[in-house]
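The values are calculated or read from the model by the stated rules, or taken from the named source; none is laboratory data. Not measured: the values here are computed from a predicted model. As a convention, Cβ positions derive from the backbone with ideal geometry for all residues, glycine included, and neighbour counts pool all protein chains shown. The protein model used for the area step is the full one, side chains on, heavy atoms only, and it has no ligands, DNA or RNA in it. Shrake-Rupley method; radii C 1.70, N 1.55, O 1.52, S 1.80 Å.
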Amino acid sequence: MRLIVGFLSAVLVVLGSQAQAQDFPVKPIRILVPFAPGGFVDTAARIVGQKLHERLGQQVIVENRPGGNGFIAVSAAAKSPADGYTLLMAHTGEFVVNPAVFKDVPYELERDFIPITMINDAPIVWVVNKDTPYQSMQDLMAAAKAKPGTIGVSTPGNGSINHLVMEWLTLETGAKFLHVPYKGGAPAMAATAGGEVPSGLAALSSAMPHLQSGRVRMLAITTAQRTPVNPAWPTLQEAGVREVQSSIWVGLFAPKGVPQPIVDKIYAEVVKILGLPDVKERFAAGGGVTGGMKPAEFAAKIKQEAASAKKVVVTANVKAE
């Protein structure tokens, strides 16, 4: 009798979840963003949010909660009701870098969240000032090996994914650079473009204006494949650095416990949105390509990247700001 009651209860839960998903949403949806308006993650949230509003007929509110290395917004999302009406738009920093560089992170991906899908993905780029003699990544690495610790590399800060890429390359190749951290990608790229620092590692969106003006020169991108933004740009792998692969992605997450049918519905709608030509164009303008991978695939990607980041942090003794 207990087995029958248990089975019937399980069936009722499934049917109830499916009914919820069919009706979802019946009220506005919030997307929490760990950054101020106007940035990479915020832009992704607003593009997707507007399209979700158009498709689902409910208002989608983007709520910016910057500060605390992303802890404020991510923690708030983790503690939100698991009903699909509060989502999180976050990026590589919150789920790959933070767990690697900080001892006490108040959230855990597997414990607190369901990854829905990657929204967009953009390479990190290694550029040099136009007046430097370096014409290839091989040139730059050779110079760094000849004079260890003297060739500066600008990044958005200590413990950033850009910084980890630099340290990772050093571990793999022995080419030792001088890390020059700034408070953000824009000032880091401005320093390289102005000749204050000879080279820099930046998100493509930060480097793009300086690439277009000719003030910096592209040496390599950090993804395994060349980017459709400009297929002429070589990869680090093509420069002989086989193991170093990284990017800056933005992803959509739900609090743990949201019924699977609701997650599935959100995922299906977002994938359709990411396939729209105007959405692809808007992300491409910022140097990114749209995502859409399945939740399990996205979760596996994050787990793999987090393990790589942790290894670099421990081996290179990286300290966050």
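Among DSSP bridges having both ends in region 125-216, what percentage is antiparallel? Round to the nearest 5.
Details: 5 of 11 bridges.
In region 125-216, approximately 45 percent of DSSP beta bridges are antiparallel ones.
State the Kirkwood hydrodynamic radius of region 111-150 in Å, one decimal place, computed from all pairs of distinct Cα atoms.
Values: mean 1/r = 0.0728 Å⁻¹.
For region 111-150, the Kirkwood estimate is 13.7 Å.
Dividing the Cα radius of gyration by the Kirkwood radius, what Rg/Rh value follows for region 67-199? Each step should come with its number before you reach the end.
Working: Rg = 18.0 Å, Rh = 16.9 Å.
Expressed as Rg/Rh, it is 1.07.
Mind checking the dipole of the chain: about its Cα centre, +1 per Lys or Arg Cβ, -1 per Asp or Glu Cβ, Debye to the nearest 20? Intermediate values should be presented prior to the final figure.
Numbers: 30 positive and 25 negative charges, 26 e Å.
It works out to roughly 120 debye.
Just list whichever of LYS147/LYS183; LYS103/LYS303; LYS79/LYS319; LYS103/LYS294; LYS51/LYS294 have alpha carbons separated by over 23 Å in the model shown.
Details: LYS147/LYS183 27 Å; LYS103/LYS303 17 Å; LYS79/LYS319 28 Å; LYS103/LYS294 30 Å; LYS51/LYS294 19 Å.
Over 23 Å Cα-Cα: LYS147/LYS183; LYS79/LYS319; LYS103/LYS294.
Report the relative contact order of the chain, percent, no decimals, based on alpha-carbon pairs under 8 angstrom and at least 6 residues apart.
Values: 608 pairs, mean separation 82.3, N = 321.
Taking the mean separation of contacting Cα pairs over the length of the chain, I get 26 percent.
When the solvent-accessible surface of protein heavy atoms is calculated with a 1.4 angstrom probe, in what order do LEU276, LEU164 fall, highest first? Spell out each step's value before the answer.
Values: LEU276 55, LEU164 5 Å².
These residues rank, largest area first, as LEU276, LEU164.
Summing Lys, Arg as +1 and Asp, Glu as -1, what charge do residues with Cβ under 13 Å from the Cβ of ALA82 carry, ALA82 excluded?
Details: positive: LYS79, ARG111, LYS256; negative: ASP83, ASP112.
That works out to +1.
How far is helix 204-213 tilted, in degrees, relative to the longest principal axis of the Cα atoms in the chain, given as a value from 0 to 90 rounded to the nearest 10?
With rounding to tens, the tilt is 40 degrees.
Using just the helices of the chain, give the 222 nm mean residue ellipticity in deg cm²/dmol: DSSP H runs with n ≥ 4 each add -39,500 (n - 2.57), and the total is spread over all residues, rounded to 500. Write down the numbers at each step before the final one.
Numbers: 12 runs with 143 residues, N = 321.
When only DSSP H runs of four or more count, the value is -14000 deg cm²/dmol.
Can you give the Rg and Dmax of region 132-210 based on its C-alpha atoms, in angstrom?
11.7, 31
According to the Kirkwood expression over distinct Cα-Cα pairs, how big is the hydrodynamic radius of region 190-301, in Å? Write out the running numbers ahead of the final one.
Values: mean 1/r = 0.0609 Å⁻¹.
It is 16.4 Å.
Given the C-alpha atoms of the chain, compute the convex hull and give its volume per residue in Å³. Let's see the in-between values first.
Working: hull volume 43.3 nm³, N = 321.
Output value, Cα hull per residue: 135 Å³.
Could you check the spin-label model distance between VAL271 and LYS311? Points 7 Å from the Cα along Cα→Cβ, value in nm.
3.1 nm
Which net charge results when you count Lys and Arg as +1 and Asp and Glu as -1 among the other residues whose beta-carbon is under 14 Å from that of GLU54? Please list the in-between numbers first.
Working: positive: ARG46, LYS51, ARG55, LYS272; negative: GLU269, ASP278.
Combined, the nearby Lys, Arg, Asp and Glu give +2.
Over the heavy atoms of THR315, what accessible area does a 1.4 Å probe trace out, to the nearest 10 Å²?
Number for this one is 90 Å².
Please give the helix 137-146 orientation as an angle from the longest Cα principal axis of the chain, in degrees from 0 to 90, rounded to the nearest 10.
60 degrees
Nearest-5 percent of antiparallel DSSP beta bridges in the chain? Intermediate values should be presented prior to the final figure.
On the way: 25 of 40 bridges.
Around 60 percent of the beta bridges assigned by DSSP in the chain are antiparallel ones.
Just to make sure I understand: if all protein chains stay in place, what is the order of ILE302, ILE61 by accessible area at 1.4 Å, largest first?
From most exposed to least exposed: ILE61, ILE302.
In region 57-119, what trypsin sites (Lys or Arg not before Pro) fall in a loop by DSSP, with at most 14 other Cβ atoms inside 10 Å? Write out the running numbers ahead of the final one.
Working: sites: LYS79, LYS103, ARG111; in loops: LYS79, LYS103.
Answer by residue number: LYS79, LYS103.
For region 181-303, which whole percent of the accessible surface, found with a 1.4 angstrom probe, sits on carbon and sulfur atoms?
Its accessible area is 55 percent carbon and sulfur atoms.
Given a 1.4 Å probe, how much area per residue of the chain is accessible, in Å²?
Computed with neighbouring chains in place, this is 45 Å² per residue.
Could you give the angle, 0 to 90 degrees to the nearest 10, between helix 40-56's Cα long axis and the longest principal axis of the Cα atoms of the chain?
For helix 40-56, the angle is close to 30 degrees.
Which GluC sites (Glu not before Pro) does region 76-165 hold that lie in a coil by DSSP with at most 15 other beta carbons within 10 Å? Each step should come with its number before you reach the end.
On the way: sites: GLU94, GLU108, GLU110; in loops: GLU108.
Passing sites in region 76-165 are GLU108.
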